[in-house]
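Colleague: Take this structure, written in structure tokens, and hold onto it; I'll ask about it next.
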Amino acid sequence: MSDIVDVETPPTTGIWTTNRAATLGAATLGFILLLGVAVGSLSLGSFGLDADFAARLAAPSPGHWFGTDQMGHDMLARTVHGLAVSLQVGLIAATISVVIAAALALFATTCGRWADALVAFLVDVALGLPHLVLLILISFALGGGTTAVILAVAVTHWPRLTRILRAEILQLRQSDFVLASRRMGKSWAEIGIGHFLPHLWPQLLVGLVLLFPHAILHEAALTFIGFGLEPSNPAIGILLSDSLRFLMAGKWWLGLFPGLSLLAVVLCFDAIGNGLRVLADPRREQS
Amino acid sequence: MLEATDIGFAYRSGAEVVCGVTLALGPGQTLGIRGPSGCGKSTLARLLAGYLEPQRGTVHVDGEALGKGWCPVQYVHQSAIVSVDPRWRIGRIVEEGWEPDEASREALGVPRSCYDRYPHEVSGGELQRICLLRALAPETRFLVADELTAMVDPVTQADIWRHLRQRSRQGLGIVAISHDQALLRRVADSIHQMDGGRLTELEPAGAARPAFAAPGRDVANRL
């Protein structure tokens, strides 16, 4: 009988290589930028947090690239600090959300019909309530501050991912390769680790990466309307909120640079999410 | 002995796809099932292998229902691509249940050099051989082969069936489902005709008769 024919390694040109280079490049750049924000924030120490009244509301210049605010704070340093705070909030909140979503999806699909009905009800309730109102209520009830914002964002962002993961697991349970594994004596735990996880991994990664900027934006929104972080904390939401008072006076740099920085971070996460999704797909060569 | 007694199955909407099928297969026997598309052959195959639970009747091996652990009845799907995890490499797929020896791999033409490839990187026929190799563990006592060699060339088809006949002589019972009447007449000890979810005819080995000589059934008449 003829053996299965060996195929040479695909050539290093073409769509696959171009696509991989682009996605990997974007993902790497994203990681570097985010790492830069974290390291920059740590190395800055209290720089940018101390007032310098001699340089109040100075426009961008070689001495202050992003200008200064009404207290003479360097806006570049405050933006880096703000992004670091946002990253911290986003990372923790998004991770908690993904863990809640994965746990509920597994619970719904493995613990019988009543568990499935209960999770479906919880998802419907959570999706039925206005998102921002729920965030404000939770943050307000917990007294505001970083922990309150993290918890508020975390407990309001799991429903959509739960629904996606539940559907994926239900589909996998009925697939022939899972049934074949069962007939080969594999337990549900072995199948969960061997078959379910590799299929859920891209959903979890992309879910985490997409929740991340969402959480950051909500943190900024909550802080902007006064239900989020403390005013002493130079979060992006605080910077944008403060900048409003000076926009009409022509101090455009107070809002523009923090806003653009936030946009850049969100785009970085988008690039990382796309890169990871491509890398996790064995059919990537054909895409 | 693999025994199906009066089994019936209907999908969510509609009539029974398999209606009151009873059959028995002993070790080393090969039973052929033929029939037109949609007559319930694949559903019967899935019922025999435990992929589906019969809504009535029973499927027993040596008087016991199919339980946990390695199922003594293994099934090779007519569409191999859906029966393998697309995110697993061939090596992991083949060795999921057991580690095939060199002779088995050689007999079915599945070299170790293909172990690093993904299912979408081999052809349908090659994947079918991979699935067959995976199913032919020493613990497997009955094989349900659904259009096993429909996607391979005649030479490979002959090689696969030569290997299965050899396993059959060692005690493997085979349910061979195929549209290919000539193939079934070569490999099966007896042939059942399936029509409308029922096994309507039993043709013993060597009792081959021209289908047009005495067309007693609707199918033969239409043909």
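Any read-out appearing in this document is the output of simple, stated calculations on the displayed coordinates, not a laboratory observation. Remember, it's a predicted structure, so these values are computed and weren't measured experimentally. No Cβ is skipped: glycine too gets one built from the backbone with ideal geometry, and neighbour counts run over all protein chains shown.
Colleague: How big is the gap, in Å, between the Cα center of the range B:10-35 and the Cα center of the range A:120-136?
Modeller: Spelled out, the Cα-based centre of one part sits 49 Å from the other.
Colleague: Any idea what the alpha-carbon Rg over 2.2 N^0.38 Å comes to for the range B:56-115? Kindly include the intermediate steps, with their values, before the conclusion.
Modeller: Numbers: Rg = 14.8 Å, N = 60, 2.2 N^0.38 = 10.4 Å.
Rg over 2.2 N^0.38 Å, computed on Cα atoms: 1.42.
Colleague: Also, quick follow-up: Mind checking B:47-53 for the average number of partner chain beta-carbons within 10 Å of each residue's beta-carbon?
Modeller: Mean shielding by partner chains, rounded to a whole number: 2.
Colleague: To the nearest whole number, what is the average tally of beta carbon atoms from other chains within 10 Å of the beta carbons of peptide B:78-87?
Modeller: Numbers: counts 0, 1, 1, 2, 4, 7, 3, 13, 7, 12.
That works out to 5 on average.
Colleague: Moving to a separate point now. Arrange the following residues from fewest to most other Cβ atoms within 10 Å of their Cβ: B:Asp6, B:Asp146. Don't jump to the answer; show the numbers that get you there.
Modeller: Working: B:Asp6 12, B:Asp146 21.
Going from least to most buried by this count: B:Asp6, B:Asp146.
Colleague: If you don't mind, there's one more thing I want to ask. Would you please classify the overall shape of the range A:118-214 from the alpha carbon gyration tensor, given that a ≥ b ≥ c denote the square roots of the eigenvalues, rounded means a/c under 1.5, and beyond that prolate means a/b larger than b/c while oblate covers the rest? Don't skip to the end; give the middle numbers.
Modeller: Details: a/c = 3.25, a/b = 2.50, b/c = 1.30.
Verdict is prolate for the range A:118-214.
Colleague: Work out the mean other chain Cβ neighbour count within 10 Å for the residues of B:106-113 and drop it here as an integer.
Modeller: Taking the mean over all residues of the peptide, I get 3.
Colleague: Looking at the range B:59-211, what % of its DSSP beta bridges pair antiparallel, to the nearest 5? Walk me through the numbers on the way to the answer.
Modeller: Working: 8 of 17 bridges.
Within the range B:59-211, antiparallel bridges account for around 45 percent of the total.
Colleague: Right, here's the next one. Can you tell me, using C-alpha contacts under 8 Å and at least 6 residues apart, the relative contact order of the range B:2-209 as a whole percent?
Modeller: Working: 405 pairs, mean separation 64.4, N = 208.
Reported relative contact order: 31 percent.
Colleague: Would you list, by chain and number, the lysines whose Cα falls below 25 Å from the Cα of A:Lys251, excluding same-chain residues fewer than 8 positions away?
Modeller: A:Lys251 reaches no qualifying lysines.
Colleague: Moving on. Rounded to whole Å, give me the distance from the Cα center of the range B:159-204 to that of the range A:78-112.
Modeller: 55
Colleague: Taking amide H positions as placed in the peptide plane 1.01 Å from N, state which residues far from B:Ile33 in sequence (5 or more) or on other chains have amide H under 5 Å from it.
Modeller: Long-range HN contacts for B:Ile33: B:Ala176, B:Ile177, B:Ser178, B:His192.
Colleague: Divide by every residue of chain B the summed helix terms, -39500 (n - 2.57) for each DSSP H run of at least 4, and state the resulting mean residue ellipticity at 222 nm, rounded to the nearest 500 deg cm²/dmol.
Modeller: So the calculated ellipticity at 222 nm is -7500 deg cm²/dmol.
Colleague: Wrap a convex hull around the Cα atoms of the range B:2-209, take a quarter of its surface area, and give that in square nanometres. Display every interim value, and only then the final one.
Modeller: Details: hull surface 46.0 nm².
Averaged projected hull area, Cα only: 11.5 nm².
Colleague: Using a Cα-Cα cut-off of under 29 Å, which lysines could be cross-linked to B:Lys41, ignoring same-chain neighbours fewer than 8 residues away?
Modeller: A:Lys186, B:Lys68
Colleague: List every residue whose amide H lies under 5 Å from the amide H of B:Val17, counting only residues 5 or more places away in sequence or on a different chain, with H placed 1.01 Å from N in the peptide plane.
Modeller: B:Phe9, B:Ala10, B:Tyr11
Colleague: Scan the range A:224-283 for chymotrypsin sites (Phe, Trp or Tyr not before Pro) in coil per DSSP, keeping those whose Cβ has at most 15 other Cβ atoms within 10 Å, and list them by number.
Modeller: On the way: sites: A:Phe224, A:Phe227, A:Phe246, A:Trp252, A:Trp253, A:Phe269; in loops: A:Phe227, A:Trp252.
Here the sparse-neighbourhood loop sites are A:Trp252.
Colleague: From the convex hull of the Cα coordinates of the range A:226-287, what is the mean projected area in square nanometres?
Modeller: Values: hull surface 25.4 nm².
Average projection, Cα convex hull of the range A:226-287: 6.4 nm².
Colleague: Kindly provide the chymotrypsin sites (Phe, Trp or Tyr not before Pro) of the range B:69-155 that DSSP labels as loop, not H, G, I, E or B, and whose Cβ sees at most 12 other Cβ atoms within 10 Å.
Modeller: In loop regions of the range B:69-155 (DSSP not H, G, I, E or B), there are no sparsely surrounded chymotrypsin sites (Phe, Trp or Tyr not before Pro).
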